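Shown next, in structure tokens, is the structure this report addresses.
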Amino acid sequence: MTTSPGSVLLVEDNVAHAVMIRRAFKMAQLQVSLTSVENGDEAIDYLKAAKGPAAEHSLPDLVLLDWNLPGKSGLEVLSWIRREPTTKSLPVVVLTASSDEDDVRDAMLAGSDSYLVKPVAFGLLIDLVELLDLKWLRPGARRRD
């Protein structure tokens, strides 16, 4: 597998899920820079710190956003991202346990690039992160316009 030079912000409140996602990237041999935050407020703070001449770090290439978060919800985080001039074109993939049709509709209407339900089987999670790499992280991958 070709390694990816991309960076990912993982917004995930469930520590076990975050560990599994990080492990799936490792098992897929994708050497992405993966930063994890545990709630919507931390996600917004992280993205704010990537703005301006005194930025603490650069914006990620992809945001993996859980939908059901403590504090600011996934919807609130996604809405904030799409309102901000420096983040509005940032690819955001909702990766959540909810398959509720209203959640899917709300995410897509708010500007999510994709809505994926976390797979139960670890092998399927590895397949999913490989697809994320192909679509969003590799050089020449499609970016949001």
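What shape does region 76-115 have by the C-alpha gyration tensor, where a ≥ b ≥ c are the square roots of the eigenvalues, rounded means a/c under 1.5, and otherwise prolate means a/b greater than b/c and oblate the rest? Please report the intermediate quantities before stating the final value.
Working: a/c = 2.59, a/b = 2.07, b/c = 1.25.
Because a/c hits 1.5 or more and a/b exceeds b/c, region 76-115 counts as prolate.
With a 10 Å cut-off between alpha carbons and a GNM built on the chain, which of 71, 52, 40 moves the most? Highest fluctuation of the listed residues: 52.
Listing 105, 82 from fewest to most neighbouring C-beta atoms within 10 Å gives 105, 82.
A quarter of the convex hull surface defined by the alpha-carbon atoms of region 23-104 gives 6.2 nm² as the mean projection.
Recomputing Cα extents along the principal axes in Å from the coordinates shown identifies the correct label among [x] 36, 35, 28; [y] 90, 29, 25; [z] 43, 34, 21 as [x].
Return a single number: how many Lys pairs in the chain, at a sequence separation of 8 or more or on separate chains, have alpha-carbon atoms below 19 angstrom apart.
Working: 26/118; 26/135; 48/72; 48/88; 51/88; 72/88; 88/135; 118/135.
Total qualifying Lys-Lys pairs in the chain comes to 8.
Protection proxy ranking for 53-59, 119-125, using the average of other Cβ atoms within 10 Å per residue and placing the highest first: 119-125, 53-59. Summary of the geometry: region 4-68 and region 95-122, compared by the centres of their Cα atoms, lie 17 Å apart. Neighbour counting of Cβ atoms within 10 Å sorts the residues 73, 99, fewest neighbours leading, into 99, 73. Placing a label point 7 Å from the Cα of residue 105 along the Cα-to-Cβ direction, the residues of region 40-83 whose backbone N falls under 19 Å of that point are 67-68, 74-76, 79. For the pair residue 45 and residue 84, a Förster radius of 22 Å applied to the C-beta separation gives a FRET efficiency near 0.95, rounded to the nearest 0.05.
Bear in mind these aren't lab numbers, they're just calculated from the coordinates by the rules spelled out. Being a predicted model, the structure only gives us computed values, none of them experimental. Cβ sites come from the backbone with ideal geometry, for glycine too, and all protein chains shown count toward neighbours.
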